[in-house]
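*Asks:* This is the structure I have questions about; it appears just below.
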Amino acid sequence: MNPGTIRQILLITDGCSNHGEDPSAMAALAREQGITVNVIGVVDQDIIDEKGLSEIESIAKAGGGVSQVVYSAQLSQTVQMVTRKGMTQTIQGVVNKELQQILGRSQTIEDLPPDKRGEIVEVVDELGETAGLQVLVLVDTSASMKHKLPTVKEALLDLSLSLNARMGENHFSVFIFPGKKSEVEKLLDWTPRLEALTNIFPKLTTGGMTPTGPALREALGSFKKKRSLRSLLSNDDKPFFEESV
Amino acid sequence: MMINHSLRNQYKVSPGTVIKGKWYNHEYRIIKELGNGANGIVYLADCHGQDAALKISDNSMSISSEINILKSFAKVRGCTLGPSLLAVDDWAVKDKVFPFYVMEYIKGENYLDFIKKGDSWTAVLILRLLKNLSLLHGMGYIFGDLKPENLIISAPAGDVRFVDVGGITPIGRSIKEFTEFFDRGYWGMGSRKADPAYDLFAAAMIFINSYYPKRFGRKGEGLSELTRAVNEHKELRRYEKVILKALMGKYDTADSMREELLRIISQNSAKGGIPNQGTKEPSLVQSRTARKKKTKGRHLESLILVLLISFIYILYIYSRLL
Ligand SMILES: Nc1ncnc2c1ncn2[C@@H]1O[C@H](COP(=O)(O)OP(=O)(O)O)[C@@H](O)[C@H]1O
């Protein structure tokens, strides 16, 4: 099987956007283009803002991805888990569509008898291991995130360790918002080596504004033109990913 | 700690609840909760008058892949690495469907509780763990999320059994599930690619965890921190050579680690008994230099003595455990 590429935006934030477009709408736009949006909410012990929480959930819902709220100490494990879960969810969605085509009705994995699910799981696992993966990491660097940034950096290095153990190719890019001069700033262009951010990751935050929506919009523009996700399952399609650097 | 778990409440059930399979119509009466983790909840259940463990979740992918692993265990004759699989079904409740499977209930204690009895068991259990790993690796799998919570020491024989097969990964693939303290990637000591050395690293960390029940986090350079932890503990220092080699990924197979550990144990016992609480033992390093000083003539004599005593010791262990 010649797997295609899974495209994700991983948004790491600690609360509410307060500037520009509605982030959920931008996440929905991403989804339209076959890019899923996973969201991780990093909170301090005991401080869980209801409004922030529901924004985090709705961005991920709109973006067809996974969300998880965690304390900073658990960030590393969560980042890799959410990324994996997001991948599995994407692949599973594609497999479900494929099943529906074959079986001709709204059939999902869950509708099959338990004994028949095993093989499908194997296909999903196989794709998760071998598919190409593009992750655009979008980090909220507004003032309240300041003391969490070292943890975010650690978590991203840990993510590259997890993903680089896969057989498939990985490409990463990192954006922060707000940027020094604009709403969003590109920190790292598409590269297989996420470790490259070690020396350039910001230690300082850049202000109180949180333009999550605009940041998502910008991030979207950074993905190349894509083929459909359906081709994940077909053998004839060439991997579409072109080196962007 | 993960924070939001809304679905989980729907399959978190109280004792007495009857779970009826939607496909095969068998009934399972919940007795109590045995444990829960990232991928679901495990209950002790009554299944036609017999105790069984029932794992239920909202994630049919993870449940199905665990079932796949348990099924492949079943194909190997006499394989008792994990629980045997008894049934597979879905539970329909209200408008939701939760997949579950029923497996053998392994009666016993988890590793850390078990060794509270006295640490003369520690080395024996690590030997047994390594034997299990050797079998599992032979089947082409890595355990992945190896940690004391996933090892049940069955009563009364003291056999080591694996529970939570969710992290089991074919060799050559990437590790999906891990726990930081036991993960060589976390300590900066290697990749997360599934190879036998990945599990052996975790086995060495279980050894360390046996003497540091609270565990500890990484603060600086991984290897030097772990080396210090081993050196600072008298009982661990005795096994320093094996532990450090495993941490550094120097063993390709569980068997080679096991053989070396066995050698050290027999040297120790030749030097004055089974490692036990409170006994003052010379460290491994000392005993090695001491041996070097012996004259050639005495060499053979002491070798025979060591062999004889280790033989008796092994006999002793087996008679105790069988
Ligand atoms: N077959 C079994 N027999 C006895 N206890 C079990 C069995 N399976 C699981 N358990 C208990 O339940 C706990 C949680 O199960 P586990 O499969 O590890 O869940 P998760 O994958 O969600 O972490 C285990 O640590 C163990 O104590």
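The values are calculated or read from the model by the stated rules, or taken from the named source; none is laboratory data. This one's a predicted model, so the numbers in the text were calculated from it and none came from an experiment. Methodologically, a virtual Cβ is constructed for each residue, glycine included, from the backbone with ideal geometry; neighbour enumeration extends over all protein chains shown. These accessible areas exclude ligands, DNA and RNA; they are computed on the full protein's heavy atoms, side chains included. Shrake-Rupley method; radii C 1.70, N 1.55, O 1.52, S 1.80 Å.
*Asks:* Across region A:63-210, how many lysine pairs, 8 or more apart or on two chains, come within less than 26 Å at their alpha-carbon atoms?
*Replies:* 21
*Asks:* Mind ranking A:His147, B:His26, B:His137 by accessible surface for me, highest first, 1.4 Å probe?
*Replies:* A:His147, B:His26, B:His137
*Asks:* Normalised by the residues of region B:117-208, what does the relative contact order come to in percent, with Cα pairs under 8 Å and at least six apart?
*Replies:* Once divided by the residue count of region B:117-208, the mean separation gives 30 percent.
*Asks:* Work out the mean other chain Cβ neighbour count within 10 Å for the residues of B:173-184 and drop it here as an integer.
*Replies:* Per residue, the number of nearby Cβ atoms from other chains is 4 on average.
*Asks:* List the residues whose amide H sits under 5 Å from the amide H of A:Gln134, counting only those 5 or more places along or on another chain, with H placed 1.01 Å from N in the peptide plane.
*Replies:* Here the answer is A:Ile6, A:Arg7, A:Gln8, A:His171, since their amide H atoms fall under 5 Å of that of A:Gln134.
*Asks:* I've got another one for you. When only Cα pairs under 8 Å and 6 or more residues apart are kept, what is the percent relative contact order across region B:5-104?
*Replies:* Relative contact order comes out at 24 percent.
*Asks:* Go ahead and collect, in residue order, the members of region A:52-78 whose backbone nitrogen is under 13 Å from a label point 7 Å along the Cα-Cβ direction of A:Cys16.
*Replies:* Within reach of a label on A:Cys16, which here means backbone N under 13 Å from a point 7 Å along Cα→Cβ, region A:52-78 contributes A:52-56.
*Asks:* Interface A/B, total buried accessible area with a 1.4 Å probe, nearest 100 Å²?
*Replies:* Roughly 3000 Å² of accessible surface disappears when A and B pair.
*Asks:* Which of the aspartates and glutamates could a cross-linker span from B:Lys241 if the Cα-Cα distance has to be under 15 Å and same-chain partners fewer than 8 positions apart are dropped?
*Replies:* Reachable aspartates and glutamates: B:Glu232, B:Glu259, B:Glu260.
*Asks:* Keeping all protein chains in the complex and leaving out DNA, RNA and ligands, what accessible area do you get for B:Leu223 with a 1.4 Å probe, in Å² to the nearest 10?
*Replies:* 50 Å²
*Asks:* Using the Kyte-Doolittle scale, which helices in chain A average at least -1.0 and also have C-alpha atoms spread 15 Å or more along the helix axis, with helices defined as whole DSSP H runs?
*Replies:* Counting only whole DSSP H runs, the qualifying helices are A:50-62, A:75-103, A:114-130, A:149-164.
*Asks:* Another question about this same structure. Which distance in nm do the two modelled labels at A:Val123 and B:Lys71 give, with both placed 7 Å along the Cα-to-Cβ direction?
*Replies:* 1.5 nm
*Asks:* Roughly how many nanometres apart are two label points built 7 Å out from the Cα toward the Cβ at B:Lys96 and B:Trp23?
*Replies:* Result: 2.0 nm between the two label points.
*Asks:* Right, here's the next one. If r is the Cβ-Cβ distance from B:Ile171 to A:Met209 and R0 is 51 Å, what FRET efficiency results, to the nearest 0.05?
*Replies:* 0.55
*Asks:* Peptides A:11-20, B:207-216, B:255-264, B:60-69: what's the order by average Cβ count within 10 Å, highest mean first?
*Replies:* B:60-69, A:11-20, B:255-264, B:207-216
*Asks:* What are the ³J(HN,Hα) values, in whole Hz, obtained from phi via the Karplus relation 6.51 cos²θ - 1.76 cosθ + 1.60 with θ = phi - 60°, for each residue of region A:186-200 in sequence order, with x given for Gly and Pro?
*Replies:* In residue order, the calculated couplings are 7, 9, 9, 7, 3, 8, x, 10, 5, 4, 4, 7, 2, 8, 9 Hz.
*Asks:* Classify region B:1-77 as rounded, prolate or oblate from the Cα gyration tensor: take a ≥ b ≥ c as the square roots of its eigenvalues, call it rounded if a/c is under 1.5, otherwise prolate when a/b beats b/c and oblate if not.
*Replies:* oblate
*Asks:* Restricting to Cα pairs below 8 Å that are 6+ residues apart, what does the relative contact order work out to for chain A? Please round to a whole percent.
*Replies:* 29 percent.
*Asks:* Right, something else. Place the peptides A:171-184, B:45-58 in order of packing, highest mean first, counting for every residue the other Cβ atoms within 10 Å and averaging per peptide.
*Replies:* Descending packing order for the listed peptides: A:171-184, B:45-58.
*Asks:* Would you grab the residues whose amide H sits under 5 Å from the one on B:Ile142? Only those 5+ places off in sequence or on another chain, please, with H modelled 1.01 Å from N.
*Replies:* B:Thr169, B:Ile171
*Asks:* Once ligands and nucleic acids are excluded and a 1.4 Å probe is used, how much of B:Trp23 is accessible, expressed in Å² to the nearest 10?
*Replies:* Probe radius 1.4 Å; accessible area of B:Trp23 about 80 Å².
*Asks:* Under the 0.36 nm per residue contour assumption, what length would be gained going from the current alpha-carbon distance of B:Lys234 and B:Lys116 to full extension?
*Replies:* 40.8 nm
*Asks:* Would you pull out the residues with amide H under 5 Å of A:Thr210's amide H, same chain only if 5 or more places away, H placed 1.01 Å from N?
*Replies:* Close amide H contacts, sequence-distant or interchain: A:Asn18, A:His19.
*Asks:* Is the shape of region B:131-266 rounded, prolate or oblate, going by the alpha carbon gyration tensor and its root eigenvalues a ≥ b ≥ c, with a/c under 1.5 for rounded and a/b larger than b/c for prolate?
*Replies:* rounded
*Asks:* Go ahead and run the numbers for FRET between A:Lys51 and B:Arg263, Cβ-Cβ distance against an R0 of 56 Å, rounding to 0.05.
*Replies:* Approximately 0.35, to the nearest 0.05.
*Asks:* Explain nothing, just compute: Karplus ³J(HN,Hα) = 6.51 cos²θ - 1.76 cosθ + 1.60, θ = phi - 60°, for every residue of region A:165-180 in order, whole Hz, x for Gly and Pro.
*Replies:* Values per residue, Gly and Pro as x: 7, 6, 7, x, 7, 10, 9, 10, 8, 10, 10, 10, 9, x, x, 5 Hz.
*Asks:* Right, another one. Output the peptides A:108-120, A:64-76 sorted from most to least packed, where packing is the average of other Cβ atoms within 10 Å over each peptide's residues.
*Replies:* Listed from highest to lowest mean packing, they are A:64-76, A:108-120.
*Asks:* Largest first, how would B:Arg8, B:Arg29 line up by accessible area (1.4 Å probe)?
*Replies:* These residues rank, largest area first, as B:Arg29, B:Arg8.
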